[in-house]
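The values are calculated or read from the model by the stated rules, or taken from the named source; none is laboratory data. A quick note: this is a predicted structure, and the numbers were derived from the prediction, not measured. Using ideal geometry, Cβ is built from the backbone for each residue, glycine included, and neighbour counts are taken over all protein chains shown. Surface accessibility is based on the protein's heavy atoms, side chains included, excluding ligands, DNA and RNA. Shrake-Rupley method; radii C 1.70, N 1.55, O 1.52, S 1.80 Å.
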Amino acid sequence: MTQATARVTLRQLCHLGLPGPVVLPSLLPVLRQVVKAEHAGFFFCDERGSITNLYAERMLPPAVQARYHDRYNDSQFRLHYLARVAAVRPVSRRSVTPEERANDYYRDVLQPLGVEHFLYAIVRSGSRVIGQLSLYRGDKGPAFTVRDEELLQEVLHYLGEALGVPSPASSTGVLEQTVEEGMAVFDACGQVVYSDESWGRLIRLAEGNPITPATAQHETRSLPRFVAAVLDAIDASPQALHRTDTAWGSFAFRRHQLLGEQGQMARGLIVSRLSAEPLRLTEGAAKLGLSPRQSDVAVLVARGLTNLQIARELCVSVNTAATHVKDVFHRLDVMDRRDVGPVLIKASKR
C-alpha cells in the first residue's frame with residue numbers, strides 16, 4: 001500500500017462513524033503505512049491521565065502488566081502523558097536511553113515488546129482530549145524523525161474524528177467476517193498447554209472488560225473463568241453459534257476435540273474477531289489500487305448509496321457522480337451496483 005493510498009484509506013476508515021474501539025484494529029495497520037512503524041497502540045485516558053482502556057497490537061500478558069503496575073503504579077505514565085497534553089505540539093518522539101536499558105522497566109516491558117523508539121500523539125476530538133497514540137520501532141529500525149512527526153500531525157484530525165465516536169455497551173453494525181483468529185489447547189483438567197501469539201490479546205478483547213495496568217491482576221482470575229464459561233456453553237450446546245459482543249467488536253468461538261498420540265484427550269478453542277462490513281469494504285478498495293476518487297465512490301456504492309446521495313456526499317453534481325460510478329464499474333469490471341460490494345469484500349481477504 002502506497003502512502004497516498006494509506007492516507008485515503010485512513011480518511012475513509014475515520015469517516016465511517018463506527019465506535020473508536022471497533023475501528024482501531026483496522027486503523028492502526030493503515031496508520032503504520034502513513035508513518036512507518038512496527039506496531040502501535042492507543043491509550044484512552046481520563047482527565048487525571050490515568051489509563052481507562054487500551055488497545056495495542058502487541059500486549060503484555062495480564063500477569064506481567066499486573067506486576068508492572070504493582071511495582072511502578074502508573075504515576076510515571078500520568079506524569080509524561082499530562083506533560084504531552086499541556087505541550088504546544090501534540091506530537092513528540094524519543095528513543096530509549098542507555099540509562100533506561102539498565103533498569104527493570106526496560107527488561108520487564110520495553111524489551112519483551114520490542115520497543116526502542118517512540119512516536120507519541122495526543123488525540124483530541126474538538127477540545128476534548130481522548131488519549132495517546134503511540135507508534136513503536138525496535139532496535140533494528142531507525143529513530144523517528146521530524147518528518148515522521150509532521151506526517152502524523154497531518155492526519156491527527158482524522159484520528160480525533162474516529163476515536164471520538166462513543167463506544168456503546170456492545171458494538172453495532174454488520175459484523176460477519178473473520179479477520180483474525182487465535183487458538184489455545186486445553187488438557188483434560190482445563191489447563192492451557194498451548195496458545196498461539198494472538199490468543200492472549202483476542203481473548204482479552206472478547207471478554208470485554210477495560211484493559212489497563214491497574215485491572216490486569218483482576219484479569220489473571222477473570223480470563224480463565226471467562227474461557228471456562230465459553231467451553232461449558234459450547235459443551236452444553238455444541239451446535240449453537242457462540243459469540244460475544246463487546247466495545248471492541250464481535251467475537252465467535254469454535255471448539256475442536258483433539259486426541260494425542262497416547263490417546264490423551266484435549267480441547268482446542270479458537271476465537272475469531274469479526275469485522276464490520278464497512279471496514280472490509282474500505283480495506284478492499286485500498287488493496288485494489290483504486291484512485292482516491294474511485295475508492296470513495298466504490299465504497300459509497302457498496303454501502304448502497306444512490307448517485308444522488310453520492311453527489312451530496314462528495315459535493316459534486318449528479319452527472320459527475322454518475323460518471324464516477326461508471327468509472328468504478330469499468331475499473332472493477334462489473335455491470336451492476338450490487339456487484340461492487342462483493343468485489344471489495346473479496347479483495348479485503350487477500
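Overview of results
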read-out	value
Search result, residues across segment 162-184 that are open to solvent by 50 Å² or more (accessible area, probe 1.4 Å) and at pLDDT 90 or above	GLU181, MET183
Residue that is part of a strand (DSSP E or B), open to solvent by less than 10 Å² (accessible area, probe 1.4 Å) and under 24 Å from LEU28 (Cα atoms), where the choices are SER275, SER295	SER275
Qualifying positions in segment 298-313 - open to solvent by less than 50 Å² (accessible area, probe 1.4 Å), in contact (Cβ under 8 Å) with a residue 24 or more places away in the chain and more than 17 Å from ARG7 (Cβ to Cβ)	VAL301, ALA302
Filter result for PHE144 (over 20 Å from the mean Cα position of the chain (by Cα), open to solvent by less than 50 Å² (accessible area, probe 1.4 Å) and modelled with pLDDT of 95 or more)	yes
Lone qualifier among LEU27, LEU31 - being among the aliphatic types (A, V, I, L, M), open to solvent by less than 20 Å² (accessible area, probe 1.4 Å), under 10 Å from the mean Cα position of the chain (by Cα) and within 17 Å of GLU161 (Cα to Cα)	LEU27
Every pair of residues 6+ apart whose Cβ atoms lie under 7 Å, when the first sits in segment 318-329 and is closer than 13 Å to SER291 by Cβ while the second is of a type in the set (A, V, I, L, M, F, W, C) and part of a helix (DSSP H, G or I)	HIS324/VAL297; VAL328/VAL297; VAL328/ALA298; VAL328/VAL301; VAL328/VAL340
Residue within segment 248-258 that is within 25 Å of ALA276 (Cα to Cα), open to solvent by less than 30 Å² (accessible area, probe 1.4 Å) and not hydrophobic (A, V, I, L, M, F, W, C) present	yes
Enumeration of residues in segment 314-342 that are aliphatic (A, V, I, L, M), open to solvent by 40 Å² or more (accessible area, probe 1.4 Å) and part of a helix (DSSP H, G or I)	VAL318
Within segment 1-22, considering residues that are farther than 17 Å from PHE42 by Cβ and outside any helix (DSSP H, G or I), the one modelled with the lowest pLDDT	MET1
Sole residue being under 16 Å from ILE211 (Cβ atoms), of a type outside the set (Gly, Ala, Ser) and touching a residue at least 12 places away in the same chain (Cβ under 8 Å), chosen from PRO90, PRO25	PRO25
Pick from segment 212-226, criterion touching a residue at least 24 places away in the same chain (Cβ under 8 Å) and surrounded by 15 or more Cβ atoms within 10 Å (Cβ to Cβ), ranking: farthest from the chain's Cα centre (by Cα)	GLN217
Every residue from segment 238-247 that is among the hydrophobic types (A, V, I, L, M, F, W, C) and surrounded by 11 or more Cβ atoms within 10 Å (Cβ to Cβ)	ALA247
Answer from ARG280, ARG267 - the residue that is outside any strand (DSSP E or B) and either under 30 Å from ILE345 (Cα atoms) or at pLDDT 85 or above (or both)	ARG280
Any hit, segment 87-105, residues being in a helix (DSSP H, G or I), buried (at least 17 other Cβ atoms within 10 Å of the Cβ) and of a type in the set (Ser, Thr, Tyr)	no
Segment 48-69 - residue that is touching a residue at least 40 places away in the same chain (Cβ under 8 Å) and more than 20 Å from the chain's Cα centre (by Cα) and, of those, least open to solvent (accessible area, probe 1.4 Å)	ALA66
